[in-house]
Structure formats: structure tokens, C-alpha cells
Amino acid sequence: MTINDLSVRLQNKIGRVADKLAKETGFVQRQRKVSGSNFIQTLIFGWLIRPQASLTELLSSAHQRNLEISAQGLDKRFKEETVHFCQRLLEDMLLEVVVAKQGVKTELLEKFSQVRVIDTTVAALPEMFKVQWPGTSAGDGKSNKAALKVEASLELKQGTLQGTLLAGKTNDRKGALARADLPVGSLQIADLGYFSLQRMGQLDVSGVYWLSRLRQDTIVCDRQGRVWDLLEQLRQCDKTQQEFEVKLGHQHLNARLLAYRVPEEVAARRRDKLRRTYQKHSGTPTKRSLELCSWTLLITNAPADKLTMEEAAALYGSRWQIELTFKLWKQHMKIDQSVSKNPWRILCELYIKLMAALVQHWIVQSSSCWQQLNKSLVKAYKVISSHAACLSNAFDCLPTLTATLEKLDRSLFDICRQNSRKKKLNTWKKLAPNYRGAGLS
């Protein structure tokens, strides 16, 4: 997508589409000074400038969008109809297919038609939303009666980011993206939350490759169907890396099992983490689980001539890119934080900050920096935030908006290079031919 295409798409999504959905949801019932587009643009650009801006600070963004309104008037707009409007617009934007102007090209990524990483992140909500967005126990042992789960997939070559909204209690495997059809020859990388031998079998039949960690309770057999004692097999390994041809589960799903012995300090950290997890539930990990912490176990249906052990390690490490995206949403955009105690505003703020995060991602995708292996998404987000007021001022005029985005493109290309690392390579460099074999940590 070119920068001009991005300008047109932005004007359409948070302009014409926003106005249309505002009327359909009842946010706008008659012609007023507050429209769907100027309301959304005020908050997207306002929270891009400062994610924890007060109502008074947001008024500056409102005036840039030709919205004359008081802080009290703006506060009154956060109500049930606004929540419905913001949800509809966010869901529309999450399904938008945006392809990078220039994709990331490495020999490893080019082996697959797509390389898709999928995961979820959860944000707690006020209890009054527990019917619409029922929550579940959080990872720290606390209970969130209401929570929103965002399921997202990131395609590493072209940067396409799509998502769906789920109730916090929804199992990851039931998300729409988890069950979506994928192009033949593509590769899906997911964590244990998506582990399903049935789904892997379906992908295999469809000509889609997958790469995942092995769940410890999975039945592992040799190619003759004899059940293995996996731990005993690993004990006999005299190498730091070992590959096995196996069948998995009752389905006898053919797979390659890739075993990587990790350094002792890594294994010790894993054991400590495992013990802490069990302690929260008054349990104790088994000796088998503790011993398996010495290994990283990956499974894939990609043949060895398609994906070597070193390449599989590098690709599985690329899961960090979706984790980094969530980290940026929460730490940079502060999607799960609000200075207000008004439940309607808190939910609207989550929705609109997610829209702002998507706008940021689209800008990076359409810029020259996306194809760079040494790009820093953290720096990119900061640069975009510093240009948000200029983007707001230029938004109504297509040529001016395009010129502003082109200027921003040059800044992203010049500024957003990652600092050199001697000990730990970034994800993108691990995927390049000269950097393979960095392994898993």
C-alpha cells in the first residue's frame, strides 16, 4: 500500500465509515456539531499525542478537528450508544487487510506464501460489562469478572495485522482467526494456547504448515505407532539438538519433533517459573515437568528440506513480534488504562486506543522502514506520536495529508533503526540468512 493509498483509507475509515456507523448505532440521531468522524478523530489523534490525556487536554485535538465542545460536553458523550459505535468501527478496522508497500524479504520467509503469528491479549473491564464481556481468572491468580480478549494475527512478510474481539473467558482455540482458512504453502506459528492436534491435522490436509511447542501431556509415538517415553528418549540424546520423526496423539498425526537442550541457567529460570505457577494453585510440579524444562520441544509438519532445525528455532522466536505488538499497545498506547472512573468512557477508551494503535501500525507498514531488518517498532511509535498533531491538522485535505505522511515516512526511515546489539540479535536479523542459528532462549 502506498502512502497515498493510506491517506485515502484513513479518510474513509475514520471519516465516511465513522459517520455512517455513528448514525446506524444511534450515536448521532440528528445533524449536530458532534459527528462520528470528528469525535473519533479527536480522540484517536488526542490519545496518539498523549495516551493519558485529560478531557481538557483533548479539547486541543477537538479544535483541530473543528469540534467546538467543552470538557463537560465531551465527557457526556461517553455513554452506551458511544460504546456500540466505537465497537462497530473497531471491528471494521480490525478486519481491514493492509499490505506493506515493501515487505520484509529474507530467504527463510520467502520459503512460505505467508508466515502468520497468532496470539491473544486480555484487558480487564469494569464489572458492569460482565454480561457482554465475561472474564475469567487472570494469570496472576486474580479474578476479572469482566474482560475483553483481543485475538490478533500478524503476517511477518507484509505486516498485515488483523484481529477479532472475544470475551475474556473464551478459549483461544475458539477464536475466528484460530479457525480461519490460510493460503496453501503458508506457515502458522502459535503458542500452547492454540495447541490442537485436530486443527493441525486440518491445516496439514489443506497444504498449510504449522510450527508449535509440544504440550507435555501429548502422546508421542514413533513412526510404527509405539508409544514413547519422551523423557527417556531425551535423556539418551548426546547432542544439544536432536530431531525425531513421530506420530502425535490418538490421531497419529505425522510430525517432526525438534528438541533443543537449553543452557542450565535458562532451565533454572523455567523451573522457578513453573514452581511459582503451581504455588498459586497450591500444587507442586512433577519431576518429569521439571526435567523437561531443560529442553525446548517444537513440532512441525514442514519437511527438513523446507525448514531446518536452526530455521525452526529462528521462526518460532519470531512469535516475539506479536508479543511486542501487545506490549506496545499496553505500555505505549496504554489501552487498558484510563484516568476516568466512568465505565462507559473506560470501554470507549479501550476501543479507540486500539483504533489508534492500528493507525500507527498502518503508518509503519506503509513506510519505507517496514522492510528494514533493523527497525525498532518502539521508536516508530514514538515518532508517529510526535507527528500526531500535524496529521490531525492535515487530515481533511488529501494532498496535504499525503505530504505529511511522506515527511513522516522519511523520519521513520532515518530515526527508527534499532541500536546495535552484540549479545542478542533482534527477531528480524535472526530470520536473515547471515544470522540463522541464534537458537532459542
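The values are calculated or read from the model by the stated rules, or taken from the named source; none is laboratory data. These numbers were taken from a predicted model, which means no experiment stands behind them. Methodologically, a virtual Cβ is constructed for each residue, glycine included, from the backbone with ideal geometry; neighbour enumeration extends over all protein chains shown.
Annotation: of all residues in region 254-301 being modelled with pLDDT under 90 and part of a helix (DSSP H, G or I), the one that is farthest from THR240 (Cα to Cα) is LYS280. From the set of residues in region 1-24 that are β-branched (Val, Ile, Thr) and at pLDDT 95 or above, which is farthest from LEU95 (Cα to Cα)? My answer is VAL8. Within region 218-231, can one find any residue that is closer than 25 Å to GLU311 by Cα and either β-branched (Val, Ile, Thr) or under 32 Å from the mean Cα position of the chain (by Cα) (or both)? Yes, region 218-231 has at least one match. Of all residues assigned to region 235-246, none qualifies as being over 20 Å from MET309 (Cβ atoms) and either surrounded by fewer than 19 Cβ atoms within 10 Å (Cβ to Cβ) or modelled with pLDDT under 95 (or both). Taken across region 199-220, residues that are farther than 24 Å from VAL117 by Cα and surrounded by 13 or more Cβ atoms within 10 Å (Cβ to Cβ) do occur, with at least one present. One residue alone among SER386, SER366 is touching a residue at least 40 places away in the same chain (Cβ under 8 Å) and either within 20 Å of GLN102 (Cα to Cα) or out of contact with any Gly (no Cβ under 8 Å at 6 or more places or on another chain) (or both), and that residue is SER366.
If you filter region 27-45 down to residues that are free of Cβ contacts under 8 Å to residues at least 60 places away in the same chain and closer than 17 Å to TYR351 by Cα, you find that the one that is surrounded by the fewest Cβ atoms within 10 Å (Cβ to Cβ) is ASN38. Name the single residue that is modelled with the lowest pLDDT among those in region 389-433 being hydrophobic (A, V, I, L, M, F, W, C) and part of a loop (DSSP other than H, G, I, E, B). The extreme case among them is LEU425. What about ALA380, is it surrounded by 22 or more Cβ atoms within 10 Å (Cβ to Cβ) and without any contact (Cβ under 8 Å) to a residue 40 or more places away in the chain? Against the criterion (surrounded by 22 or more Cβ atoms within 10 Å (Cβ to Cβ) and without any contact (Cβ under 8 Å) to a residue 40 or more places away in the chain), ALA380 qualifies. Filtering region 44-74 to residues that are within 30 Å of the chain's Cα centre (by Cα) and farther than 19 Å from ILE14 by Cβ leaves GLN52, SER54, LEU55, GLU57.
Which residues, counting only those in region 191-215, are in contact with a Lys or Arg (Cβ under 8 Å, 6 or more places away or on another chain) and either touching a residue at least 40 places away in the same chain (Cβ under 8 Å) or not hydrophobic (A, V, I, L, M, F, W, C) (or both)? If the condition is that a residue be in contact with a Lys or Arg (Cβ under 8 Å, 6 or more places away or on another chain) and either touching a residue at least 40 places away in the same chain (Cβ under 8 Å) or not hydrophobic (A, V, I, L, M, F, W, C) (or both), then ASP191, GLY193, TYR194, SER196, ARG199, TYR209 are the ones that fit.
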